Each structure stands twice: as structure tokens, then as C-alpha cells.
Amino acid sequence: ERRDDASRLAPGWELSPMRERDLKSSDLGTALRDEYMRVRSQSKGAVVFLGSDSPDLPMDYVLDACACARQGTAAICEALDGGYVLLALPANAPPEVFDHVKWSTNETANSQRERLQACGVSVRTLLGRWSDIDEVTDVHALLERLKASKACPRVLAMAPKLEAMLAIWKPGEEKQQPPSTITGVAPWAQP
């Protein structure tokens, strides 16, 4: 059903969830490169990576990135913290675009952009940065955005789940990692 939804929104695109892995002990660059090579072995078209920790990313951002990638330009949507929540790669992007990127810093988006350019891939930064979920305070912010949102029903259905998750966390432990980032795939994004 989810694949059919994605096909209607972006004809010719296939939804392919990233294989589950332990992102706490693995290098994100290696994980993205491996996934890119897996998808690339099945399809020669553009590839778009969406962060499952940005479930309310507007569809306009995704469709804009898809259009860029189809036209041969990479597209990146920056996270508010300097990372990124979306990366669209054109068919000509080599797997090396993930090598030597400074992961988990406030320079990750800039580093990824520089790496794309070093690999000969033109890149466009999408207008508007977006929030991702790295800390408990980010979950609170997502919940507030969902309450005021006109997002799709599946995304809005996360609100009660988020409230339940927040109820089990100990107040004041802001650096505690949300459970969704421990498995590598958010519960609401699992197939």
C-alpha cells in the first residue's frame, strides 16, 4: 500500500526502505554508501534518501528534490542543526559521494555538498531547512508541529505515539536518544 502511495505521488519512483542496521556502532557514510550501491544494482535512475527522523517533511520538498535528481543535479535539504534530512542523487553520482563526509556535526550538510562537488556532481540546496529528531526536545517540537499540521493522516497518527514515548522519558535527560534512532528505522516508517 505504501509503495502504491509513493508511486502515485512520484510516478516512476520506487519506495525502498533502507535495510535496518545499528547506526550507533556503524558509520553513517558506509551505511548510506552500501544502501546506494544496493539500490543502484537494481535501478540506474536517480536515488533519494529521506531521513526517517523528519516524518513531517513537506512533500513539495521531496518532489522538488526528485525533479532536480532527474535533471542530473543532486539536491540537499538541510536540517536546522547543520545535518541534512533529504539527499537526492542523480544517476551519474558515484558511491564515493559518501566518503569523507563529516557526519554528526553542524557541518554535515556543507561537508556533503563539498563531497558531491569534488565527485563532479552539481548540487542544489533546497530552499528552507527542516527539523529532524536527534534529542528529546526535538520530539517535543515535532509533536507541536503535528498538532498544527495538515500533514497526511499517517503522519498525524504519530502524535499519540509520540505523547506515549515522551511520557516514559525522565525529565531533564535531554541528551537521551529517542528509541526510533536506535534501530535505524523509525517505528512509523517501518514496512
Legend entry - List 37, 158, ordered by accessible area with a 1.4 Å probe, largest first: 37, 158
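Test of understanding: what is the full-extension gain from residue 149 to residue 125, defined as 0.36 nm times their sequence separation minus their Cα-Cα distance? Please report the intermediate quantities before stating the final value.
Numbers: separation 24, 0.36 × 24 = 8.64 nm, distance 2.43 nm.
Result: 6.2 nm gained on full extension.
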Inset, instruction - Treating only the Cβ atoms of Lys and Arg (+1) and Asp and Glu (-1) as charged, compute the dipole magnitude of segment 81-120 about its Cα centre; round to the nearest 20 debye. - result: 60
Inset, instruction - On the full set of protein chains, 1.4 Å probe, figure out the accessible area of residue 105 and give it in Å² to the nearest 10. - result: 60
Inset, instruction - With the full set of protein chains in place, find how many percent of the accessible area of segment 37-144 is carbon and sulfur; take the probe as 1.4 Å. - result: 51
Legend entry - segment 56-110, relative contact order in percent, only Cα pairs under 8 angstrom and at least six apart counted: 31
Inset, instruction - Would you kindly find the accessible area of residue 127, with a 1.4 Å probe and non-protein molecules such as ligands, DNA and RNA excluded, rounding to the nearest 10 Å²? - result: 150
Inset, instruction - Multiply the residue separation of residue 105 and residue 41 by 0.36 nm, subtract the distance between their alpha-carbon atoms, and state the gained length in nm to one decimal. - result: 20.0 nm
Legend entry - Accessible heavy-atom area order of 80, 156, 162, highest first, probe of 1.4 Å: 80, 156, 162
Inset, instruction - Kindly report, to the nearest 10 Å², the accessible surface of residue 28 as traced by a 1.4 Å probe over protein heavy atoms only. - result: 60
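The values are calculated or read from the model by the stated rules, or taken from the named source; none is laboratory data. This is a predicted model, so every value here is computed, not measured. All Cβ positions, even for glycine, are placed from backbone atoms using ideal geometry, and neighbour counts span all protein chains on display. In case anyone asks, the SASA skips ligands and DNA or RNA and just uses the protein heavy atoms, side chains included. Shrake-Rupley method; radii C 1.70, N 1.55, O 1.52, S 1.80 Å.
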